[in-house]
1. Under 17 Å Cα-Cα from Lys77, which aspartates and glutamates qualify once same-chain neighbours fewer than 8 residues away are excluded?
2. Order 108-116, 53-61 from most to least packed using the mean count of other Cβ atoms within 10 Å.
3. Quote the accessible area belonging to Cys156 in square angstrom, nearest 10, computed with a 1.4 Å probe and with ligands, DNA and RNA left uncounted.
4. Take the alpha carbon atoms of segment 102-117, find their center, do the same for segment 233-300, and report the distance between the two centers in whole angstrom.
5. Can you sort Lys183, Lys173 by solvent-accessible area, 1.4 Å probe, largest first?
6. To the nearest 10 Å², what's Arg518's accessible area with a 1.4 Å probe?
7. Quickly rank 260-268, 134-142, 216-224, 275-283 as a protection proxy: mean count of other C-beta atoms within 10 Å, highest first.
8. Among 329-336, 199-206, how do they line up by average Cβ neighbours within 10 Å per residue, starting with the highest?
Amino acid sequence: MDSQPEDRRDLSPDLYGPGSGPQPTPWTSLSAINAGQVVHVALILRVSAKDLQNLQASLLRQIRSCEARLLPGMIIKYVYIDIESGRMDFEDRSQGTNDDLAHLDLPYQRDGGLHDMLEQAARKDRGFDMVICESADRLARLTYVNVKVEHELQRCGVELIAADEPQDSVGRKATKILLRRVKQAFGEMYAIQAMELAWEGTREHTMAGYNIGRAPYGYLPARERHPAPARAAQGATKTRLVADPQRGEVITEMFVLRVHDGMTFRQIAERFNADPDRYPPPVATREEGERRWRWPVVRDMLGNPKYTGHMVWNRSTYREGLTVRRKKRKKQLHPSQWVWSPQITHEPLIDLHTYRQAQMMESGRAGSRTGNEPNTHPATKHTYSLRSYVRCPECHRRMVGKDNNGRRYLTCRGPRNSDDQLTDRAPQHPGTVYIREESILAAVNDVINRRVFGPERAQLLAEQLAAAPAALHAQHLAALEAAQRRLADIERRQRSLTLDLEDADPADRAWRDQLRNRHRELETERLDVADRIGALQAKILDSPQQDTELLDTIPTTEINLAEMPIELQRQLYDALRLQVIMTSRTAATIKITLAGDGPAEAAIIARQDQQFAFDNADTAVDPHPHKRADAGRPRMRRGRCPS
């Protein structure tokens, strides 16, 4: 049954019959206007951030443009205003309040934002049948948001009209929709282009050596007159960095403590807090109470590449594609996306090599307790002396301790995701790798006794240093020969593909395209291998300078790690910067580095161990209460770790 008007008493009888009334259109609102009926209208306005735009002038302009579009019978009943970027994500729109416009003198009162308008349109008593905006790109800078709003209004029977679109009394919309889509595409293109140009301008700004934001700790800002005369007339400046005489030395010492002494972020912060006059704390960016050094601040400073003398930008971003979110989340970018100035633009506080070393130490013991005291967690049953010092032979991650029937093992289950599945970083990792802790401890004890505390340590070190250049040279030649063999193999394959392509049937386009694609892949790999060969040929192998006199500061003695208290063991490992890199389940590379205060600390620990052994000579004191009494220490060759 055809639907009938709810109340026909007010309708004229002349409307029934052919030729009566104006020409109808497919669109209800336009038909009502042509019939001389009253149509209630809602205006949707948008302005950008209040700090970047004259809100009063922009809103008045939009209101006048929309009022000029009104036809006889149209009455403005609602006005919806958003104060946000046109690239704001749809879900984050309409977060403004009327208080944001309280200081403005506008002819209409704000009835809400975009979402309020859509909610009102979905109601049966919505109070309006048409929405007018100044232009399609003023509603939003994203085509998706524009079309979504238009679609939601159409579902509710509400017409969306842009004030700058041509009027058509007949009511045809096809041409207007085409024009609207073109303008929406241009609006989005303009937003993308503006963002790209701004990004490229900031890149050039960085490569020229100008700083963005506050000067990092250790530097002072040196402001220069803006090169653009118009901007300079407004007082705009550009900033370069100059070294702070006092705080610059703090940064240099911070990197020395990190790279050469192996101190953690927390240890550096504690040392600096002990002498605030020598190491003045940075100015807090927000109210944080007492000014003092905190380990996250130390971590951020050690990760700042500007201390190398290069200007660097684009290390982090709040942007997620083209859209803008209300709640901005800072995202750290991969170092490959950082923008570096090609030349040094300000005085460096450290060299680039030292900075790279600091970054390589970044995750060495991440997630592991740095103290040597036992774990205070109530569920702790065992303490493992080699925790955080041993690396898995399969994935090179730190191995963790595990007790099995009184025997201690170092284990690794590999990198796993939240579903307890191995990740792509080590897809061939065994279920669990087990290595006896006492086996590794025996090898570490042998190396420390012979290489650090033994009487022949100087001779062993001299032999090692003499053999090091030859070993490095052999490794270098092996890498170069492997790369050259790979290059020859790639070139051979390319020649074979060229012959196949010449013999291929011209009509078999799929096969010819496959050959071409494979040839392009090989060409890309060939260029990479050629670059690697060039780098290897140009590389100069310089052996690092070694201070062999550090060994003379350590007394000659003999220690027994199996009988030493675990807390004292770990202090010794930290002083020697011990690293145990398992190359297989039965072999390991043990690295010891003497630097900074390490030798002096090792000497003190050795004397403490001797005193501990003397004090407990007549008493049965077990430094490992959870170790089985019958677990003997196996004999093993140097560098071999039987599991």
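1. Within reach: Glu67, Asp111, Asp116, Glu119, Asp125, Asp129, Glu134, Glu159.
2. Working: 108-116: 17.6, 53-61: 15.1.
With the highest mean Cβ count within 10 Å placed first, the list reads 108-116, 53-61.
3. 40
4. 47
5. Working: Lys183 65, Lys173 25 Å².
Solvent-accessible surface, decreasing: Lys183, Lys173.
6. Approximately 90 Å² for this residue.
7. Values: 260-268: 18.9, 134-142: 23.4, 216-224: 16.3, 275-283: 13.0.
Most protected by this proxy first, the peptides run 134-142, 260-268, 216-224, 275-283.
8. For the peptides 329-336, 199-206, the packing ranking is 199-206, 329-336.
The values are calculated or read from the model by the stated rules, or taken from the named source; none is laboratory data. Predicted model, so just to flag it, every value in this text is computed and none were measured. FYI the Cβ positions are ideal-geometry reconstructions off the backbone, even for glycines, and counts take in every protein chain you see. To get the accessible areas, we keep the full protein, side chains included, count just its heavy atoms, and leave off ligands, DNA and RNA. Shrake-Rupley method; radii C 1.70, N 1.55, O 1.52, S 1.80 Å.
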